[in-house]
2 protein chains.
Amino acid sequence: MFPEPIQKFIEIFSKLPSIGQRQATRLAFYLTRRPELNQNLNSSLTALAQDLKICQQCFLPFKRNGVDLCPICHNKEREQKIICLVEKEIDAFSIEKTREFKGTYHILGNLIDPSDPKSYESLKIDWLEKRIKNFPDKTAEEIIIALNPTTDGDLTAMYLERRLKNLSKKMTRLGRGLPTGGELEFADEETIKGSFEGRH
Amino acid sequence: MFPEPIQKFIEIFSKLPSIGQRQATRLAFYLTRRPELNQNLNSSLTALAQDLKICQQCFLPFKRNGVDLCPICHNKEREQKIICLVEKEIDAFSIEKTREFKGTYHILGNLIDPSDPKSYESLKIDWLEKRIKNFPDKTAEEIIIALNPTTDGDLTAMYLERRLKNLSKKMTRLGRGLPTGGELEFADEETIKGSFEGRH
């Protein structure tokens, strides 16, 4: 229906997450009228592919700088034996934004799906175990399971606790409670229970 | 907050229509994990910028082929003196899909906005007038105003009728009526009136 370059663009871009046929089509025609945007778009895509490196230790992406480890894993002033497990890269960045946490991370990449064995392997727990066994006493000080307090998050947390408990002196989960701006009146039971348990 | 290549991607992509901060961020991390997609994305963007040409006569995009006119304007078997005005390129392609229309197009590019003088210039009516004045009798057989039957569409249609009526033997607008699958019970007044006016 459309000229081939437009059709090809739509095919490729509509496969990206949350971009469907319609949005890809709208984008195609928008960009067709603005060929001057092409260079910036291309260079930012290329930078993503070429200027980023994935940390060999925690799997966080960082700007390529000749070092194999990300700035967090490479920083001797971080508490290297405290490891915070997160589902997604952006979760780690959200925590970093608070400037409170002084440990390191392990990016799981996904939550487990009991119907899919691959979802267990992709957590890279083997790598995490190897990383901990490289510590002088082969034990982490603390493993923090910083997953979303959802059903899938809880399921994954239980699996991780079972798998890793012998590799750390302490295993903790993030506290539940009332979020900033939240109201008791509209909070669900689990949230209220959590806020009581976490009271201090 | 994020590594520079990711930040830069989000800045650039979040400016595209209907892509906001959140979607651009999700995309950035999705692509960070899949550098192998980069080549396809880049080449499809480049093809949009380099392999498409805009028709000098009707402003439809077409695959570059050494000719200045698009396949429709270049096709002597099309009725070159019947010109269908559409708002967007995709409207022309939607009409072409029906294989019913044998004339040519003029892509206006936008609808008029009375508060914005530029929205009148960008319709490229000067080009359309020049195009018609190049006909042997300096008159089009028919100008079809194929704009959306909306308030802005109607406003634009009125402006075009006023501006172009001396350049064409006939000026028509697309018929209104019940769309396929539509129901009288839920149709608005204008639609019902239009369907009566267009009865045959």
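Closest approach of any chain A Cβ to the axis that rotates A onto B belongs to A:ASN42, 3, distance given in whole Å.
The HN-Hα couplings worked out from phi for the stretch B:8-16 by the Karplus form 6.51 cos²θ - 1.76 cosθ + 1.60 (θ = phi - 60°) are 5, 4, 4, 4, 6, 6, 6, 7, 6 Hz, whole numbers, x standing for Gly and Pro.
Think of it as helices only: each DSSP H run of n ≥ 4 in chain A is worth -39500 (n - 2.57), and spread over all residues that comes to -12000 deg cm²/dmol at 222 nm. Rounded, prolate or oblate: which fits the stretch A:4-53 when a ≥ b ≥ c are the square roots of the eigenvalues of the alpha-carbon gyration tensor, with rounded for a/c under 1.5 and prolate only if a/b beats b/c? Because a/c hits 1.5 or more and a/b fails to exceed b/c, the stretch A:4-53 counts as oblate. Rounded to the nearest 20, the size of the Cβ-charge dipole of the protein assembly as shown about its Cα centre is 1360 debye, with Lys and Arg at +1 and Asp and Glu at -1.
Per-residue accessible area (protein heavy atoms, 1.4 Å probe) orders A:TYR159, B:TYR120 as B:TYR120, A:TYR159, starting from the largest. Using the Karplus relation 6.51 cos²θ - 1.76 cosθ + 1.60 with θ = phi - 60°, the per-residue 3J(HN,Hα) values for the stretch B:88-103 come to 10, 3, 5, 5, 4, 5, 5, 5, 4, 4, 6, 6, 9, 7, 10, x Hz, with x marking Gly and Pro. Counting Cβ atoms of other protein chains within 10 Å of each Cβ in B:26-34 and taking the mean gives 6. Take A:GLU11, push a point 7 Å out from Cα through the beta-carbon direction, and compare it with the same point in every other copy: 3.4 nm, smallest first.
Heavy-atom accessible area, probed at 1.4 angstrom with all protein chains present, ranks B:HIS74, B:HIS106 as B:HIS74, B:HIS106, highest first. For the residues A:VAL86, A:VAL67, a 1.4 Å probe over the protein chains yields an accessible-area ranking, largest first, of A:VAL67, A:VAL86.
Buried between A and B is an accessible area of approximately 4600 Å², summed over both sides with a 1.4 Å probe. A 1.4 Å probe run over the protein assembly as shown, with the rest of the protein chains in place, finds 58 Å² accessible per residue. For A:GLU11 and B:PHE186, a Förster radius of 41 Å and the Cβ-Cβ distance give a FRET efficiency of 0.70, rounded to the nearest 0.05. On full extension, the segment bounded by A:ARG33 and A:LEU69 gains 8.7 nm, given 0.36 nm per residue less the C-alpha separation.
Annotation for the stretch B:102-182: trypsin sites (Lys or Arg not before Pro) lying in DSSP loop with at most 14 further Cβ atoms inside 10 Å of their Cβ are B:LYS102, B:LYS138, B:LYS169, B:LYS170. Per-residue extension of 0.36 nm, minus the Cα-Cα distance of A:LYS118 and A:LYS76, leaves a gain of 11.7 nm for this segment. The amide H of A:MET171, built 1.01 Å from its N in the peptide plane, has A:ILE143 as neighbours under 5 Å, considering only residues 5 or more places off or on other chains.
When a 1.4 Å probe is rolled over the protein heavy atoms, the share of accessible surface on the stretch A:111-153 that falls to carbon and sulfur comes to 52 percent. Extending 7 Å from Cα along the Cβ direction at B:GLN56 and again at A:SER43 yields two label points whose distance is 3.2 nm.
Here A:ASN166 and A:ARG22 are evaluated by their C-beta separation; at R0 = 51 Å the FRET efficiency comes out at 0.50. What FRET efficiency comes out for the pair B:GLU197/B:LYS97, r = Cβ-Cβ distance, R0 = 35 Å, nearest 0.05? Calculated value: 0.85.
Close amide H contacts of A:TYR105 (hydrogens built in the peptide plane, cut-off under 5 Å, sequence separation of 5 or more or a different chain): A:CYS84. Per-residue shielding of A:156-166, expressed as the average number of other chain Cβ atoms within 10 Å of the residue Cβ, stands at 0. Proximity of backbone amide H atoms, modeled 1.01 Å from N, is registered between A:CYS58 and A:CYS70 at under 5 Å, excluding neighbours fewer than 5 places apart on the same chain. Helix A:151-164 and the long axis of chain A differ in direction by around 50°, with both axes built from C-alpha atoms. Counting, for every residue in B:12-21, the Cβ atoms of other protein chains within 10 Å of its Cβ and taking the mean gives 4.
Considering only B:PRO114, B:THR98, B:PHE196, the residue lying farthest towards the positive end of the dipole of chain B is B:THR98, judged by Cα position with unit charges set on Cβ. The magnitude of the dipole of chain B, with charges of +1 and -1 set on the Cβ of Lys/Arg and Asp/Glu and taken from the Cα centre, is near 700 debye. Counting only aspartates and glutamates at least 8 places from A:LYS130 when in the same chain, those with an alpha carbon closer than 20 Å to its own are A:ASP68, A:GLU79, A:GLU87, A:GLU121, A:GLU141, A:GLU142, A:GLU161. For chain B, the relative contact order comes to 13 percent (Cα pairs under 8 Å, sequence separation of at least 6). Label-point spacing at B:GLU79 relative to the other copies reads 8.0 nm, in ascending order, each point sitting 7 Å out from Cα along Cα→Cβ.
Seen through its C-alpha gyration tensor, with square-root eigenvalues sorted a ≥ b ≥ c, chain B comes out prolate because a/c lies at 1.5 or above while a/b is bigger than b/c. Once both labels are positioned 7 Å from their Cα atoms along Cα-to-Cβ, the gap between B:LEU178 and B:ASP137 label points is 4.0 nm. Measuring only protein heavy atoms, the 1.4 Å probe finds B:SER14 accessible over about 30 Å². Over all other residues within a Cβ to Cβ distance under 13 Å of B:GLY153, the charged ones net out to -4, with Lys and Arg as +1 and Asp and Glu as -1.
The values are calculated or read from the model by the stated rules, or taken from the named source; none is laboratory data. On a predicted model such as this, the values are computed, not experimentally measured, just so you know. Because the Cβ atoms are built from the backbone with ideal geometry, glycine has one as well, and the counts that use them run over all protein chains shown. Note: accessible area is taken over every heavy atom of the protein model, side chains too, but ligands, DNA and RNA are not part of it. Shrake-Rupley method; radii C 1.70, N 1.55, O 1.52, S 1.80 Å.
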